[in-house]
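Enquirer: The structure's right below; bear with me while I get my questions together.
Bear in mind these aren't lab numbers, they're just calculated from the coordinates by the rules spelled out. Note that the structure is predicted; figures quoted are calculated from it, not measured. Positions of Cβ are backbone-derived with ideal geometry, glycine not excepted, and every protein chain shown enters the neighbour counts.
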Amino acid sequence: MITAAFSTHRLEVLKEAEARMRVHDTIALEEPPHPLFPAMLCGDVAIEDYLQETDYEFPRFAEASCRLYRRLHALGKRLIQVDPYMEHLNRLHEFFSQGGEPHAVDPADPMQAVYRAERRATAALLHFYETSMRAPFSEVVQAVIHFARADAARIALRDGMRAERLAVEALGTSSLYVESGYIHWKLFRDLRRLVEPKRRVRACFLLERHARRRIGRKQVLGPGDALTLLFVFHPKIRGPRVELWAARSLIYVKILHKDEMEPVEGPCPHLDDEAEADRLTRRLSWADCQGLYPRIRARSTAEARQILNTYRV
């Protein structure tokens with residue numbers, strides 16, 4: 001049994017994740033190997049000290065995750081860190097920090113493919129930032145599309161590398177839990193292609209029952225992520241749908257809550273926030289987004305959402 005579990009890096013997913021991790025022998029985390037990880041699991045290194053040596057976007061989630069990993073380790077579960085793409089990216093950073101030049105990277109080294117993917121995505125992101133500050137709305141939308149294509153190529157490469165490594169890991173365990181960000185659907189497809197029999201691999205959306213209660217679908221996928229995922233499987237696709245999703249994404253990301261929220265008043269505060277942002281943006285046309293974007297571009301998240309709440313399509 002191989003379970004590809006899709007979720008976000010939010011505190012609200014950990015209860016569901018733990019329940020599923022406990023019924024698997026091996027848990028493959030979506031992160032590159034760290035030399036202090038085994039010592040942290042055993043308690044020889046404090047969680048706080050371990051996290052100071054790592055780079056996590058969501059610190060409270062990272063701390064709570066480490067406590068979860070210790071509980072699983074104490075139960076005899078095998079926890080491994082599997083993300084070859086990020087391993088090569090870390091190698092690349094070290095190579096450049098030691099004075100290495102891009103032309104000196106061996107073309108046969110996977111690090112070269114990672115370098116090209118990162119260079120394209122970074123350049124596209126910088127172009128978007130520059131364009132979003134001064135250009136007409138139509139150009140900003142095209143910059144979003146350009147970045148989404150580059151990001152999709154990076155995701156596809158990362159998923160492929162990770163699937164190949166995980167397929168090998170699956171040979172040595174009776175049950176494997178694969179932690180995965182919700183946009184990495186290609187990972188599931190690749191695993192099914194590499195592992196026999198295919199029925200061993202199943203997909204699981206950790207917050208599906210909560211999402212279906214709110215929006216009637218298995219997950220909330222914002223327009224920007226939907227666009228990126230579309231490009232993962234159809235990199236050359238064009239047309240009105242592509243431009244509409246790109247336009248809506250500019251509004252969606254502006255009204256989305258950015259800080260970590262504790263599941264105190266409700267079990268899924270981020271999911272609730274995403275569902276509301278989805279509700280507000282799903283009804284917008286390209287022209288609606290064109291009119292709204294200048295009004296909310298320089299506003300706070302709360303102000304932007306208030307404007308959108310009072311907007312009549």
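Enquirer: State which residue is surrounded by the most Cβ atoms within 10 Å (Cβ to Cβ) when the search covers only the stretch 148-207 and only residues that are touching a helix residue (DSSP H, G or I) at 6+ places or on another chain (Cβ under 6 Å) and part of a loop (DSSP other than H, G, I, E, B).
Expert: LEU207
Enquirer: So, one more: In the stretch 189-213, which residues are in contact with a Lys or Arg (Cβ under 7 Å, 6 or more places away or on another chain) and not aromatic (Phe, Trp, Tyr)?
Expert: Answer for the stretch 189-213, where residues must be in contact with a Lys or Arg (Cβ under 7 Å, 6 or more places away or on another chain) and not aromatic (Phe, Trp, Tyr): ARG192, LYS198, VAL201, CYS204, GLU208, ALA211, ARG212.
Enquirer: Can you tell me which residues in the stretch 30-47 are touching a residue at least 12 places away in the same chain (Cβ under 8 Å) and either farther than 26 Å from TRP185 by Cα or among the acidic types (Asp, Glu) (or both)?
Expert: Result: GLU30, GLU31, LEU36, PHE37, MET40, LEU41, CYS42, GLY43, ILE47.
Enquirer: Right, here's the next one. Are any residues in the stretch 18-31 among the aliphatic types (A, V, I, L, M) and crowded, with 21+ Cβ neighbours inside 10 Å, and if so, which ones?
Expert: Passing the criteria: MET21, ILE27, ALA28.
Enquirer: Shifting gears a bit: Select from the stretch 40-64 the residues that are out of contact with any helix residue (DSSP H, G or I) (no Cβ under 6 Å at 6 or more places or on another chain) and aromatic (Phe, Trp, Tyr) and list them in ascending order.
Expert: PHE58
Enquirer: Determine which single condition GLU139 fails, assuming it passes every other condition in (1) surrounded by 15 or more Cβ atoms within 10 Å (Cβ to Cβ); (2) under 30 Å from GLN290 (Cα atoms); (3) among the charged types (D, E, K, R).
Expert: Among (1) surrounded by 15 or more Cβ atoms within 10 Å (Cβ to Cβ); (2) under 30 Å from GLN290 (Cα atoms); (3) among the charged types (D, E, K, R), the lone unmet condition for GLU139 is (1).
Enquirer: Wholly within the stretch 257-313, which helices (runs of 4 or more DSSP H) include no fewer than the required count, namely at least 2 residues that are over 19 Å from LYS218 (Cβ atoms) and β-branched (Val, Ile, Thr)?
Expert: Answer list for the stretch 257-313: 301-309.
Enquirer: Which one of these is closer than 27 Å to VAL178 by Cβ, of a type in the set (Lys, Arg) and in contact with a helix residue (DSSP H, G or I) (Cβ under 7 Å, 6 or more places away or on another chain): ARG120, ARG116?
Expert: Within the list ARG120, ARG116, the selection yields ARG120.
Enquirer: Got a sec? Which of TYR177, TYR115, TYR182 is aromatic (Phe, Trp, Tyr), touching a residue at least 24 places away in the same chain (Cβ under 8 Å) and out of contact with any Phe, Trp or Tyr (no Cβ under 8 Å at 6 or more places or on another chain)?
Expert: TYR177
Enquirer: While we're looking at this one, here's another question. Go through (1) in contact with a Leu (Cβ under 9 Å, 6 or more places away or on another chain); (2) within 26 Å of GLU31 (Cα to Cα); (3) of a type outside the set (Gly, Ala, Ser); (4) free of Cβ contacts under 8 Å to residues at least 40 places away in the same chain and name the single condition ARG241 misses.
Expert: (2)
Enquirer: Scan the stretch 206-241 residue by residue and report those that are closer than 25 Å to ILE307 by Cα and hydrophobic (A, V, I, L, M, F, W, C).
Expert: Residues satisfying the conditions are ILE215, VAL220, LEU221, ALA226, LEU227.
Enquirer: Okay, next question. Give the stretch 134-153 a look and list any residue that's among the charged types (D, E, K, R) and in contact (Cβ under 8 Å) with a residue 24 or more places away in the chain, or say none.
Expert: ARG149, ASP151
Enquirer: Would you point out which residue out of ALA275, ALA304 is among the aliphatic types (A, V, I, L, M), under 17 Å from THR8 (Cβ atoms) and touching a residue at least 40 places away in the same chain (Cβ under 8 Å)?
Expert: ALA275
Enquirer: Moving on to the next point. Suppose we keep only residues that are touching a residue at least 40 places away in the same chain (Cβ under 8 Å) and surrounded by fewer than 15 Cβ atoms within 10 Å (Cβ to Cβ) within the stretch 70-109. Which one would you say is farthest from the chain's Cα centre (by Cα)?
Expert: Looking at residues that are touching a residue at least 40 places away in the same chain (Cβ under 8 Å) and surrounded by fewer than 15 Cβ atoms within 10 Å (Cβ to Cβ), I get LEU75.
Enquirer: Separate question: Go through (1) within 19 Å of the chain's Cα centre (by Cα); (2) within 15 Å of ILE27 (Cα to Cα) and name the single condition GLU169 misses.
Expert: So GLU169 meets the others, but not (1).
Enquirer: I would also like to ask the following. Cβ contacts < 9 Å: first residue in contact (Cβ under 8 Å) with a residue 12 or more places away in the chain and of a type in the set (Val, Ile, Thr), restricted to the stretch 194-214; second residue buried (at least 18 other Cβ atoms within 10 Å of the Cβ) and part of a helix (DSSP H, G or I), any location; separation 6+ or different chain. Result?
Expert: Sorted first by the residue in the stretch 194-214, then by its partner, the pairs are VAL195/ALA163; VAL195/LEU166; VAL195/ALA167; VAL195/ALA170; VAL201/ALA170; VAL201/PHE188; VAL201/LEU191; VAL201/ARG192.
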